[in-house]
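Read-outs throughout are calculated quantities, based only on the coordinates presented, and are distinct from any laboratory measurement. These numbers were taken from a predicted model, which means no experiment stands behind them. Cβ: placed from backbone, ideal geometry, glycine included. Neighbour counts: every protein chain shown.
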Amino acid sequence: MEQQAQGQGGVERRECDVLVIGGGPAGTTVAPLLAEQGYKVVILEKAHHPRFHIGESLLPANLPLFERMGIAEQVKAIGMVKPGAEFVSPHHEHTQVFNFAEAWDKSMPTAYQVKRAEFDEILIRNAEKKGVEVHEGCRAKTVDFLPDNSVAVRAMHDDGHESEWHARFLVDASGRDTFLSNKFQIKHRNPKHNSSAVYGHFAHAKRHDGMAEGNITIFWFEHGWFWFIPMMNDTTSIGMVTWPYYMKTKGDRSLKEFLMDGIAMCPALAMRLKDAELMTEVEATGNFSYVSERCHGANYVMLGDAYAFIDPVFSSGVLLAMNSGVLAAEAIDACLKDPAKAPAALKRFDQLMKHGPKEFSWFIYRVTNPIMRDFFMYPKNIFRVKEALLSVLAGDIFGKTPIWRSIWIFKGLYYFANLIQPKRAFMGWKRRKFNIRKVDEAVVYNA
């Protein structure tokens, strides 16, 4: 039950059971799940919805979560149906399409591409509908962990007034702001990966016919890869994910010029954007890949991008964020109902939180390797490895689908291919080491 009082200096003091920092997919998943169990839950969101956000491609494994949260029809209404993913390589004459309907579990044949402004607003309004108290335009500034095992968070509202929230449990779902990770100084550049992204929305991009219109396309090019994400109303998201050394070559060019020059280096993509027009400002994100040393403490958890981010190549961000919200709701409920069970609940939360990034990252770290690229461009279903790979691409890694034996075989085949092509494997390893090296942090990411 919420209480309100005046604190020191006229700061408004309030209380709740669970305070959630961030109103993105992670925060707006954990919050209503806890509110439905009778907890007083508050979300502090620095922006006002709708607001622009990148990451528009969803996975089939998201859909059962939408059903569970009661938003499936709303998401369907704004979504472009996504039957699969297409890969285009400059070193192969053909393109390769992976259809989700051919995955191990045939019950999740499609996903959606969505405008995140619309999608995230559905999520946050659903949280309000389920009884969560939402404060938009409210940025968390400081946090104190108190002797009574509660937390106090000081927040600044858009109108200039401050509030102080006292909660039994804190959820950091602040995304790339990494609120707690920065406070604890436990956020580190991922030593195994390092990339940056430059992106914008285009109109009139050339799409495929029929159901394939909604497929995401991944275009490899010399300095990384591009995403091509078709959405409703003739909007297509185009992003260039590239290595920091290439970002350094931007020089005096604007982000728009830099992106367009990159597109020109990828003829297959340039052809599909021949008649396209840029609809938005071009934006960039640096230091794309990072990880925090931990994802929980006795009275807090860190979800989604607030904990770690690797790379968007497999569209895993929203799924990992929402799934972390489901895991957190279970752990927090256990902690608050029976403190004696808290250590076990948080240990399980920790294990499951690390599972998703671990499984995706094995592929992400290798997806630009020439040998792995051959595996993607010439998939074989020996020992059902193609079905298992499709299940990973669909995000079906948290349930009971028995894909893991086939995934181990896939990895074994990949390592064997490296052994019988030692020169190619060495050159791929050497190139990757060059690509992910740290460069001067003074790289300019704005126009």
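Some values worked out for this structure:
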read-out	value
FRET efficiency estimate (nearest 0.05) - Cβ-Cβ, THR95 to LEU278, R0 25 angstrom	0.50
Crossing angle, helix 317-337 versus the chain [Cα axis fit, 0-90 degrees, rounded to tens]	30
Contour minus Cα-Cα distance for ARG253 and ASP159 (0.36 nm per residue)	30.1 nm
Size descriptor, Kirkwood hydrodynamic radius, that averages inverse alpha-carbon separations across the range 256-371, Å	17.1
Residue exposure sequence - LYS347, LYS433 - by fewest surrounding Cβ within 10 Å	LYS433, LYS347
Relative contact order (%) - criterion: Cα under 8 Å, at least six apart; region: the range 327-447	20
In degrees, nearest ten, helix 116-129 long axis to first principal axis of the chain (Cα)	30
Long-range amide H partners of TYR300 with built H, under 5 Å	LEU170
Relative contact order computed over the range 17-126 (Cα-Cα under 8 Å; 6+ residues apart), in percent	33
Ascending count of other beta-carbon atoms within 10 Å, so fewest first, for PHE221, PHE309	PHE221, PHE309
The chain: angle of helix 255-264 to the longest principal axis, Cα-based, in degrees nearest 10	30
Histogram of C-alpha separations across the chain, 10 Å bin width, %	4, 20, 30, 26, 14, 4, 1, 0
Estimated distance in nm for a label pair at HIS48 and LYS129, the labels positioned 7 Å out from Cα along Cα-to-Cβ	2.3
J(HN,Hα) series, the range 75-84, from Karplus relation 6.51 cos²θ - 1.76 cosθ + 1.60, nearest Hz, glycine and proline x	5, 4, 5, 9, x, 8, 5, 10, x, x
HN-Hα J in Hz across the range 40-54 - Karplus 6.51, -1.76, 1.60, θ = phi - 60°, x for Gly and Pro	7, 10, 10, 10, 10, 10, 5, 9, 10, 7, x, 9, 5, 8, 8
Furthest towards positive pole of dipole, TRP408, LEU146, GLY224, structure part the chain, Cβ charges	TRP408
Approximate spin-label separation GLN421-HIS208, in nm, with each point projected 7 Å along Cα-to-Cβ	2.4
Farthest positive-ward along the chain dipole, Cα basis, beta-carbon charges - from GLY286, VAL41, ASN233	GLY286
Relative contact order (%) - criterion: Cα under 8 Å, at least six apart; region: the range 212-324	16
Pairwise centroid distance, computed over Cα atoms, of the range 23-37 with the range 88-125, Å	24
Dimensions (Å) - the range 191-259, Cα atoms, principal axes, largest first	39, 29, 17
Within the chain, percent of DSSP bridges classed antiparallel, to nearest 5	70
For LYS386, LYS337, order by how many other beta-carbon atoms lie within 10 Å, fewest first	LYS337, LYS386
